[in-house]
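The structure follows.
A short reminder: the numbers here are calculations on the coordinates, not readings from a lab. No experiment lies behind these values; they were computed from the predicted model shown. Cβ atoms come from the backbone with ideal geometry, glycine included; neighbour counts cover every protein chain shown.
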Amino acid sequence: MQQSRKGRWLGVPYDWRRPTLRRVKHRWWNPRDLRLFTPKSYGWGYDLNLYWVRHPLRWVRARRAALHR
């Protein structure tokens, strides 16, 4: 049986694929993803979307706009 290299265990995401620069950038700096905590680009758990840490007011506005759609 082949084990998945990407998925969830006990509700926590994991990704055991070799990290790529594109995936790391997408998880750490992504204004299109409204999540503050994104799945790790390698390993088990979460990373911070540093774009929203850097721009907290934009995050609040974007979340409000998403709720009113």
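Could you check how many residues of the stretch 32-51 are within 11 Å of the chain's Cα centre (by Cα) and touching a residue at least 24 places away in the same chain (Cβ under 8 Å)?
Adding up the residues that qualify gives 6.
Further question on the same structure: Please state which one of ARG27, ARG54, ARG17, ARG61 is in contact (Cβ under 8 Å) with a residue 12 or more places away in the chain and over 11 Å from the mean Cα position of the chain (by Cα).
Exactly one residue qualifies, and that residue is ARG17.
Now for a separate question. So which residues in the stretch 1-60 are aromatic (Phe, Trp, Tyr) and out of contact with any strand residue (DSSP E or B) (no Cβ under 8 Å at 6 or more places or on another chain), if there are any at all?
If the condition is that a residue be aromatic (Phe, Trp, Tyr) and out of contact with any strand residue (DSSP E or B) (no Cβ under 8 Å at 6 or more places or on another chain), then TRP29, TYR51, TRP52, TRP59 are the ones that fit.
Out of curiosity, is THR38 of a type in the set (Ser, Thr, Tyr) and surrounded by fewer than 13 Cβ atoms within 10 Å (Cβ to Cβ)?
no
Are any of the residues in the stretch 19-33 among the hydrophobic types (A, V, I, L, M, F, W, C), touching a Ser or Thr at 6+ places or on another chain (Cβ under 8 Å), surrounded by 10 or more Cβ atoms within 10 Å (Cβ to Cβ) and not in a helix (DSSP H, G or I)?
no
Let me ask you something else. Specify the residue that is farthest from GLY45 (Cα to Cα); the eligible residues are those in the stretch 2-14 that are more than 14 Å from the chain's Cα centre (by Cα) and surrounded by 10 or more Cβ atoms within 10 Å (Cβ to Cβ).
By that ranking, first place goes to SER4.
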